[in-house]
Every structure is written in C-alpha cells, then in structure tokens.
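Q: Pasting in a structure now, in structure tokens, and then I'll have a few things to ask.
Where a number appears in this text, it was derived from the coordinates with a stated rule and is not lab data. This structure is a prediction, so every number in the text was calculated from the model and none was measured. Cβ placement follows ideal geometry from the backbone for every residue including glycine, while neighbour counts extend to all protein chains displayed.
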Amino acid sequence: MTLRKATSRLAETEIDDEIVLMNIDTGHFHALRNTGLAIWKLIDGTRDINALCDALRQSYAVDPDVCAIEVDRFINLMVEAGFVERR
C-alpha cells in the first residue's frame, strides 16, 4: 500500500530545520524534525513502508525490523492527523 501526502487537506511550511504542518479542516498543527522530517520528505505517493525504510537505512544505522515498526507508528500518527493517505 503506497503512501501519499493529503495535500488537499494540509498546509506545510518549512522553517529552518523543521516542517510545520497544519490540517486545514481541524486547524491542528504538527512540527516535524529529524527522523520525522526525513520520513515526510520521502513520502511521494510511490513508496510503501518497506520502501521508506529502505531509503532511511541508506542514511541511518537502524535495524530493518525496528525501522518498520517506527515508520509504521509515525505513518499511523500522520494518517490519524489527516496528513497522509494510504492508497
């Protein structure tokens, strides 16, 4: 299942080393830094969680299973917040 940003429901602004996201429908904000920001930048509508982990492991020393669990957790939070859609 690929992941894509819910661009019709969010506004995003990059400030220094973080991206601030706002859900247009709810007005809720989230700031992404570090690994969350790296994951966010990889979400392009063509990758699933495994592909995100493959790309992350090129930059970070992380166990594949731990990566999958943590990326899945992050994606679930982003889906619940209305920023990411599963396709």
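Q: Fully extended, how many nm does the chain gain between Ser8 and Glu70 (0.36 nm per residue separation, minus their Cα-Cα distance)?
A: Result: 19.7 nm gained on full extension.
Q: Please give the contour-minus-distance gain from Ala51 to Ile15: 0.36 nm per residue of separation, less the Cα-Cα distance, rounded to one decimal in nm. Provide the component values of the computation, followed by the final result.
A: Numbers: separation 36, 0.36 × 36 = 12.96 nm, distance 2.67 nm.
Additional length available on full extension: 10.3 nm.
Q: Another question, then. Please tell me the relative contact order of region 3-80 in percent, rounded to the nearest whole number, where contacts are Cα pairs under 8 Å and at least six residues apart.
A: After rounding, I find 24 percent.
Q: Non-local amide H neighbours of Ala6 (under 5 Å, H modeled in plane, Pro and chain starts lacking H): which ones?
A: Residues meeting the amide H criterion: Val84, Glu85.
Q: Against the globular-protein guess of 2.2 N^0.38 Å, express the Cα radius of gyration of the chain as a ratio, rounded to two decimals. Intermediate results must be reported in sequence, preceding the final value.
A: Details: Rg = 12.5 Å, N = 87, 2.2 N^0.38 = 12.0 Å.
Cα-based Rg divided by the globular estimate yields 1.04.
Q: Moving on. I'd like to verify something in the chain: which complete DSSP H helices, judged by Cα projection on the helix axis, reach 20 Å or more and average at least 0.0 on the Kyte-Doolittle scale?
A: Working: long enough: 64-80 (24 Å, 0.64).
For the chain, where a helix must reach 20 Å along its axis and average at least 0.0, the hits are 64-80.
Q: So, one more: Which of these, Ile15, Ile24, Ile49, has the largest mean-square fluctuation under a Gaussian network model of the chain (Cα springs below 10 Å)?
A: Ile15
Q: In debye, nearest 20: dipole of the chain around its Cα centre with unit charges on the Cβ of K, R (+) and D, E (-)? Let's see the in-between values first.
A: On the way: 10 positive and 15 negative charges, 55 e Å.
Its charge dipole is roughly 260 debye.
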